[in-house]
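All remarks here apply to the structure that follows.
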2 protein chains.
Amino acid sequence: MRIGFVGMGIMGAPMALNLLRAGFDLTVYNRTASKCAPLMSAGAKQAESLPALAASSDIVITMVSDTPDVEAVLFGNGGLAEGLKPYSTFVDMSTIAPSAAVRFAARLRNRTVDYLDAPVSGGETGAKAAKLSIMAGGDRPVFERCLSLFQAMGTSIVHTGPTGSGLKTKLINQIVGALNLLGAAEGVRVCQAAGLDAATTLQAVSSGAAASWMLSNLGPKMASRDYSAGFSIRLQQKDLRLAMEFCRELGIDAPGVALVFELFTRALESGFGESGNQSLIRLWSA
Amino acid sequence: MRIGFVGMGIMGAPMALNLLRAGFDLTVYNRTASKCAPLMSAGAKQAESLPALAASSDIVITMVSDTPDVEAVLFGNGGLAEGLKPYSTFVDMSTIAPSAAVRFAARLRNRTVDYLDAPVSGGETGAKAAKLSIMAGGDRPVFERCLSLFQAMGTSIVHTGPTGSGLKTKLINQIVGALNLLGAAEGVRVCQAAGLDAATTLQAVSSGAAASWMLSNLGPKMASRDYSAGFSIRLQQKDLRLAMEFCRELGIDAPGVALVFELFTRALESGFGESGNQSLIRLWSA
């Protein structure tokens, strides 16, 4: 089984490396070709073009930023679609609009290419450690065909339903996570303004009904003004924009989603885009 | 060491019972005296009045609802203060305004009575199982004097700093928890509106960066429309009102706190006061 992988970014590169380590026959492609170098050192082949990568792969994976990126990589001039083989499988692991995944899947079905949306959670740390959460949407046989690949990249692997449902689950994940992050940020702000000891407060609050991954992992970073990026403000804001659009499509008024989207947009506009998402707290601290 | 306990409500009764089980000499009091019956069956004495309870106790504990309740029990006509012995200790485990605790402590210091604010988290389940989180503020020797009592009622016991800091920590706990709860509620709403399977979605979302106690414990209840009360909307709204007042005192503009306070107030006004706090989701579901 020959695997093609497009997108050697912060997430894609370590994910592809884990596929190599698991023994998969891997060909990679990146717009900026130099980013493929670490993968080639590790044994990957590099494709000269997207159609060439598609033509030599049984399963093609993309890991790029947003809906227009996936559309361009797939259907743009010199895109994957020009080379995808009948009876091959296309797996998009990017976080994009669920409705776009449904459209893309329909276009590929006309070429007898199977489609899976399989976005991930866990950030750069999870990608490097092969501990991602993978939420996959599509036909179950297609999911099962890709399972050994997912197992090389992640630990929590869930088939969520038909095409688009992986992305819908991912957007729910981002809604819940962003509100948890806001809770952690406001908790740390009050702690600091009240002159409480941050370590003691976080210890007390992390042990009961207020416990969250965000509080345990990003609370201490916020308290110590460590703004290093595990997951960036820019990508969190992008995911919340997709979540807002999705709520609008569903006809849901979600005041929490609206608030975190507004706050992360302010954080982006304040120049914190490439900082870690815990930098949300910088909206209020000097 | 003789212990007095005032307030045999949903929380106070099981907490007092755990003190009895640990072998403490316990006298109880409740405004509605009949609520003391289960404690008396278990071996507690019942005081005829608050001053009588205070006069026969080395440590007096109160577990009531709000700031005015503590003030009335302590300093009202026929209140505890009329009987509290010099060199005794008063421990308020209710969730009230931190600034009120500082005032009450000063008044008791004039009578040579030590004061500890020691609010709890964990709800009725935690109270019954003796697994509360206890956040105590006051002088360390006073805290240490009460430690064996706390160990009979809770598992996470943290000395947070001087008088009032237990309550400040508790309000931070409530801020973080309420925003996590909103995250869980909006996640479940989107899941249902999108027609996703709730169990699968919760499984996928609970395993990564969006994980929280609220999502794991109240997400499934929201999805199955189980509105039974572990912690009520009425008390959650009261705690968020205290948190709002505290943010105002600190000069903090906290948009997340403001939003959850508004939403829990709407839930209270919608008649969900005695339902579990997961009933927040009923604001949007039929």
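Could you check, for the range A:61-68, whether at least one of its residues is part of a loop (DSSP other than H, G, I, E, B), free of Cβ contacts under 8 Å to residues at least 24 places away in the same chain and outside the structural domain of A:L235 (by TED's automatic domain parsing)?
Residues of the range A:61-68 part of a loop (DSSP other than H, G, I, E, B): A:63-66.
Of the ones still in play, those that are also free of Cβ contacts under 8 Å to residues at least 24 places away in the same chain are none.
No, because not a single residue in the range A:61-68 is part of a loop (DSSP other than H, G, I, E, B), free of Cβ contacts under 8 Å to residues at least 24 places away in the same chain and outside the structural domain of A:L235 (by TED's automatic domain parsing).
None of B:R140, B:R145 is out of contact with any helix residue (DSSP H, G or I) (no Cβ under 9 Å at 6 or more places or on another chain) and away from every other protein chain (no Cβ under 13 Å) except B:R145.
Being within 30 Å of B:A258 (Cβ to Cβ), charged (D, E, K, R) and at pLDDT 95 or above: is that true of A:K128 here? Show your work before the answer.
Details: within 30 Å of B:A258 (Cβ to Cβ): no; charged (D, E, K, R): yes; at pLDDT 95 or above: yes.
Against the criterion (within 30 Å of B:A258 (Cβ to Cβ), charged (D, E, K, R) and at pLDDT 95 or above), A:K128 does not qualify.
Answer yes if at least one residue in the range A:202-223 is among the charged types (D, E, K, R), within 22 Å of the chain's Cα centre (by Cα) and at pLDDT 95 or above, and no otherwise. Yes: one or more hits.
Taken together, the residues in the range A:254-274 that are under 22 Å from B:I252 (Cβ atoms) and touching a strand residue (DSSP E or B) at 6+ places or on another chain (Cβ under 8 Å) amount to 0. Look at (1) open to solvent by 10 Å² or more (accessible area, probe 1.4 Å); (2) out of contact with any helix residue (DSSP H, G or I) (no Cβ under 8 Å at 6 or more places or on another chain); (3) not polar (S, T, N, Q) and you find that B:F150 fails only one, number (1).
Within the range A:127-136, can one find any residue that is within 13 Å of chain B (Cβ to nearest Cβ), out of contact with any Cys (no Cβ under 8 Å at 6 or more places or on another chain) and not hydrophobic (A, V, I, L, M, F, W, C)? Full working, then the answer.
Quick first cut of the range A:127-136, residues within 13 Å of chain B (Cβ to nearest Cβ) only: A:127, A:129, A:131-136.
Now narrow it down to the ones that are out of contact with any Cys (no Cβ under 8 Å at 6 or more places or on another chain): A:127, A:129, A:131-135.
Subset that is not hydrophobic (A, V, I, L, M, F, W, C): A:131, A:133.
The answer is yes; a qualifying residue exists.
Taking the range A:236-257 on its own, how many of its residues are more than 9 Å from every other protein chain (Cβ to nearest Cβ) and either without any contact (Cβ under 8 Å) to a residue 60 or more places away in the chain or within 16 Å of A:L182 (Cα to Cα) (or both)? Number satisfying all stated conditions: 7. Confirm whether B:L26 is open to solvent by less than 50 Å² (accessible area, probe 1.4 Å), outside any strand (DSSP E or B) and of a type in the set (A, V, I, L, M). So B:L26 fails the test. Is at least one residue of the range A:151-165 at the interface with chain B (Cβ under 8 Å from one of its Cβ atoms) and on the phi > 0 side of the Ramachandran plot? Yes; the residues of the range A:151-165 include at least one that is at the interface with chain B (Cβ under 8 Å from one of its Cβ atoms) and on the phi > 0 side of the Ramachandran plot. When A:S156, A:S228 are checked against the criterion of being surrounded by fewer than 21 Cβ atoms within 10 Å (Cβ to Cβ) and closer than 27 Å to B:P255 by Cβ, A:S228 stands alone in meeting it.
Residues in the range B:185-201 that are more than 7 Å from every other protein chain (Cβ to nearest Cβ) and surrounded by 24 or more Cβ atoms within 10 Å (Cβ to Cβ) were compared, and the one that is nearest to the chain's Cα centre (by Cα) is B:A185.
Could you pull out the residue among B:I3, B:I61 that is over 26 Å from B:F231 (Cα atoms) and open to solvent by less than 30 Å² (accessible area, probe 1.4 Å)? Selected residue: B:I3, the only one of B:I3, B:I61 that is over 26 Å from B:F231 (Cα atoms) and open to solvent by less than 30 Å² (accessible area, probe 1.4 Å).
Which residue, of A:S207, A:S270, is surrounded by fewer than 24 Cβ atoms within 10 Å (Cβ to Cβ), free of Cβ contacts under 8 Å to residues at least 40 places away in the same chain, away from every other protein chain (no Cβ under 14 Å) and not β-branched (V, I, T)? Let's see the steps before the verdict.
Values: A:S207 fails: away from every other protein chain (no Cβ under 14 Å).
The match here is A:S270.
Given the condition among the polar types (S, T, N, Q) and free of Cβ contacts under 8 Å to residues at least 12 places away in the same chain, answer yes or no: does some residue in the range B:7-25 qualify? No, every residue in the range B:7-25 fails to be among the polar types (S, T, N, Q) and free of Cβ contacts under 8 Å to residues at least 12 places away in the same chain.
For the range A:158-166, indicate whether the set of residues that are within 24 Å of A:F264 (Cβ to Cβ) and assigned to a helix (DSSP H, G or I) is non-empty.
Restricting attention to the range A:158-166, the residues satisfying the condition of being within 24 Å of A:F264 (Cβ to Cβ) are A:164, A:166.
From what's left, assigned to a helix (DSSP H, G or I): A:166.
Looking for residues that are within 24 Å of A:F264 (Cβ to Cβ) and assigned to a helix (DSSP H, G or I), one finds at least one in the range A:158-166, hence yes.
Going by what's in this entry, would A:G177 be described as open to solvent by less than 20 Å² (accessible area, probe 1.4 Å) and touching a strand residue (DSSP E or B) at 6+ places or on another chain (Cβ under 9 Å)? Yes: the conditions hold for A:G177.
If you check B:T163 against the conditions, is it in contact with an Asp or Glu (Cβ under 7 Å, 6 or more places away or on another chain) and surrounded by 18 or more Cβ atoms within 10 Å (Cβ to Cβ)? When the stated conditions are applied, B:T163 passes them.
The values are calculated or read from the model by the stated rules, or taken from the named source; none is laboratory data. Every value quoted in this text rests on a predicted model; they were computed, and no experiment measured them. A quick note on method: Cβ atoms are made from the backbone with ideal geometry, for glycine too, and the neighbour counts reach across all protein chains shown. Accessible surface areas use protein heavy atoms only, side chains included; no ligands, DNA or RNA. Shrake-Rupley method; radii C 1.70, N 1.55, O 1.52, S 1.80 Å.
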